[in-house]
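Below is one structure; the comments refer to it alone.
The values are calculated or read from the model by the stated rules, or taken from the named source; none is laboratory data. As the structure is a prediction and not an experimental result, all values here were calculated from the model. Heads up, the Cβs are rebuilt from the backbone with ideal geometry, glycines too, and the neighbour counts pull from every protein chain shown. To get the accessible areas, we keep the full protein, side chains included, count just its heavy atoms, and leave off ligands, DNA and RNA. Shrake-Rupley method; radii C 1.70, N 1.55, O 1.52, S 1.80 Å.
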Amino acid sequence: GPDAASAEQALALMHDRHYSRFARRDDLWQANTVPLQPPLAQRARVEVEYSIGADESSSEKTLVALAWVLGTSDEPEALILAQGLAHLLFNKEGSPVREALLKSHLAQDISSRLTYDLRQPFLTVVVKNASHDNAQKIV
(Lines give C-alpha, C1' and ligand atoms only; values in the text may rest on other atoms or scores of the structure.)
Protein backbone atom coordinates (compact mmCIF):
# COMPACT_ATOMS: atom_id res chain seq x y z
CA GLY A 1 0.00 0.00 0.00
CA PRO A 2 0.94 3.66 -0.12
CA ASP A 3 3.39 4.90 2.47
CA ALA A 4 3.53 8.29 4.21
CA ALA A 5 6.09 9.65 1.73
CA SER A 6 3.92 8.88 -1.32
CA ALA A 7 0.88 10.35 0.45
CA GLU A 8 2.85 13.55 1.09
CA GLN A 9 3.91 13.63 -2.56
CA ALA A 10 0.28 13.24 -3.69
CA LEU A 11 -0.85 16.05 -1.39
CA ALA A 12 1.95 18.31 -2.61
CA LEU A 13 1.02 17.57 -6.23
CA MET A 14 -2.66 18.41 -5.59
CA HIS A 15 -1.60 21.62 -3.88
CA ASP A 16 0.74 22.64 -6.70
CA ARG A 17 -1.70 21.84 -9.51
CA HIS A 18 -4.99 22.96 -7.96
CA TYR A 19 -5.17 24.44 -4.49
CA SER A 20 -2.26 26.89 -4.76
CA ARG A 21 -4.45 29.09 -6.98
CA PHE A 22 -6.71 29.89 -4.04
CA ALA A 23 -6.00 32.03 -1.02
CA ARG A 24 -7.21 30.99 2.40
CA ARG A 25 -10.02 33.26 3.62
CA ASP A 26 -10.59 32.81 7.33
CA ASP A 27 -12.64 36.01 7.34
CA LEU A 28 -15.37 34.34 5.23
CA TRP A 29 -16.17 31.89 8.00
CA GLN A 30 -16.56 34.71 10.53
CA ALA A 31 -18.57 36.97 8.22
CA ASN A 32 -21.05 34.32 7.15
CA THR A 33 -21.75 32.52 10.38
CA VAL A 34 -25.23 31.31 11.03
CA PRO A 35 -26.46 32.09 14.54
CA LEU A 36 -26.36 29.16 16.95
CA GLN A 37 -29.68 27.41 17.29
CA PRO A 38 -30.94 27.21 20.87
CA PRO A 39 -31.55 23.74 22.31
CA LEU A 40 -35.09 22.42 22.16
CA ALA A 41 -37.02 22.63 25.42
CA GLN A 42 -38.16 19.05 24.92
CA ARG A 43 -37.60 16.22 22.48
CA ALA A 44 -39.28 16.77 19.12
CA ARG A 45 -41.14 13.88 17.55
CA VAL A 46 -42.08 13.76 13.89
CA GLU A 47 -43.91 10.90 12.18
CA VAL A 48 -43.83 10.75 8.40
CA GLU A 49 -45.15 8.03 6.13
CA TYR A 50 -43.14 6.79 3.17
CA SER A 51 -44.11 4.58 0.27
CA ILE A 52 -43.23 0.92 -0.03
CA GLY A 53 -43.83 -1.57 -2.82
CA ALA A 54 -47.38 -2.78 -3.38
CA ASP A 55 -46.30 -6.35 -2.66
CA GLU A 56 -44.41 -5.46 0.56
CA SER A 57 -45.71 -5.86 4.07
CA SER A 58 -45.61 -2.77 6.26
CA SER A 59 -45.18 -4.80 9.46
CA GLU A 60 -41.47 -4.08 9.99
CA LYS A 61 -40.88 -0.95 7.95
CA THR A 62 -40.65 1.64 10.73
CA LEU A 63 -37.51 3.75 10.66
CA VAL A 64 -36.42 5.57 13.82
CA ALA A 65 -33.89 8.40 13.58
CA LEU A 66 -32.50 10.05 16.70
CA ALA A 67 -30.22 13.08 16.50
CA TRP A 68 -28.14 15.08 18.99
CA VAL A 69 -26.30 18.36 18.48
CA LEU A 70 -22.65 17.96 19.49
CA GLY A 71 -21.38 21.41 20.37
CA THR A 72 -19.89 23.50 17.59
CA SER A 73 -17.64 22.80 14.63
CA ASP A 74 -14.73 24.65 16.21
CA GLU A 75 -14.11 21.62 18.46
CA PRO A 76 -12.49 19.20 15.99
CA GLU A 77 -10.94 16.93 18.62
CA ALA A 78 -14.34 16.36 20.26
CA LEU A 79 -15.90 15.62 16.87
CA ILE A 80 -13.22 13.08 16.01
CA LEU A 81 -13.81 11.36 19.34
CA ALA A 82 -17.59 11.43 18.85
CA GLN A 83 -17.25 9.92 15.39
CA GLY A 84 -15.02 7.13 16.70
CA LEU A 85 -17.31 6.41 19.64
CA ALA A 86 -20.39 6.34 17.40
CA HIS A 87 -18.65 3.91 15.06
CA LEU A 88 -17.73 1.64 17.97
CA LEU A 89 -21.21 1.75 19.51
CA PHE A 90 -23.44 1.60 16.44
CA ASN A 91 -21.74 0.80 13.13
CA LYS A 92 -19.11 -1.86 13.74
CA GLU A 93 -20.09 -5.52 13.71
CA GLY A 94 -20.27 -6.63 17.33
CA SER A 95 -20.92 -3.09 18.61
CA PRO A 96 -22.72 -3.26 21.96
CA VAL A 97 -25.75 -1.11 21.12
CA ARG A 98 -26.04 -2.59 17.63
CA GLU A 99 -25.87 -6.15 18.93
CA ALA A 100 -28.37 -5.47 21.72
CA LEU A 101 -30.93 -4.08 19.26
CA LEU A 102 -30.41 -6.85 16.71
CA LYS A 103 -30.44 -9.70 19.25
CA SER A 104 -33.56 -8.34 20.93
CA HIS A 105 -35.25 -8.24 17.50
CA LEU A 106 -36.24 -4.62 18.06
CA ALA A 107 -34.82 -3.77 14.62
CA GLN A 108 -33.05 -5.35 11.67
CA ASP A 109 -30.39 -2.70 11.06
CA ILE A 110 -28.73 0.23 12.84
CA SER A 111 -26.22 2.84 11.74
CA SER A 112 -24.96 6.25 12.73
CA ARG A 113 -23.63 9.29 10.94
CA LEU A 114 -21.87 12.38 12.20
CA THR A 115 -22.71 15.49 10.18
CA TYR A 116 -19.76 17.74 10.98
CA ASP A 117 -19.75 20.30 8.17
CA LEU A 118 -22.28 22.59 9.85
CA ARG A 119 -21.70 25.15 12.58
CA GLN A 120 -23.53 22.86 15.00
CA PRO A 121 -22.55 19.30 14.09
CA PHE A 122 -24.96 16.53 14.98
CA LEU A 123 -24.95 12.78 15.39
CA THR A 124 -27.80 10.78 13.88
CA VAL A 125 -28.53 7.19 14.82
CA VAL A 126 -30.87 5.39 12.42
CA VAL A 127 -32.67 2.18 13.33
CA LYS A 128 -34.31 0.48 10.35
CA ASN A 129 -36.94 -2.16 9.81
CA ALA A 130 -38.53 -2.09 13.24
CA SER A 131 -42.17 -2.72 14.03
CA HIS A 132 -44.20 0.33 15.01
CA ASP A 133 -44.56 -1.06 18.57
CA ASN A 134 -40.80 -1.64 18.87
CA ALA A 135 -40.10 1.89 17.69
CA GLN A 136 -41.61 3.14 20.93
CA LYS A 137 -39.21 0.92 22.92
CA ILE A 138 -36.19 2.15 20.95
CA VAL A 139 -36.90 5.81 21.60
Checklist entry - Given (1) in a loop (DSSP other than H, G, I, E, B); (2) on the phi < 0 side of the Ramachandran plot; (3) not aromatic (F, W, Y), where does L89 come up short, assuming only one miss? => result (1)
Checklist entry - Just a yes or no: is a residue in segment 125-136 in a helix (DSSP H, G or I) and surrounded by 15 or more Cβ atoms within 10 Å (Cβ to Cβ)? => result yes
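I'd like the full set of residues that are out of contact with any Leu (no Cβ under 8 Å at 6 or more places or on another chain) and hydrophobic (A, V, I, L, M, F, W, C), limited to segment 79-98.
First, the residues of segment 79-98 that are out of contact with any Leu (no Cβ under 8 Å at 6 or more places or on another chain): 80-81, 84-85, 87-94.
Those that are out of contact with any Leu (no Cβ under 8 Å at 6 or more places or on another chain) and hydrophobic (A, V, I, L, M, F, W, C): I80, L81, L85, L88, L89, F90.
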Checklist entry - Counting only residues that are in contact (Cβ under 8 Å) with a residue 24 or more places away in the chain, within 20 Å of L114 (Cα to Cα), more than 12 Å from the chain's Cα centre (by Cα) and open to solvent by 60 Å² or more (accessible area, probe 1.4 Å), how many does segment 52-104 have? => result 1
Checklist outcome for this item: Within segment 105-124, of all residues that are more than 10 Å from the chain's Cα centre (by Cα) and part of a strand (DSSP E or B), the one surrounded by the fewest Cβ atoms within 10 Å (Cβ to Cβ) is D109
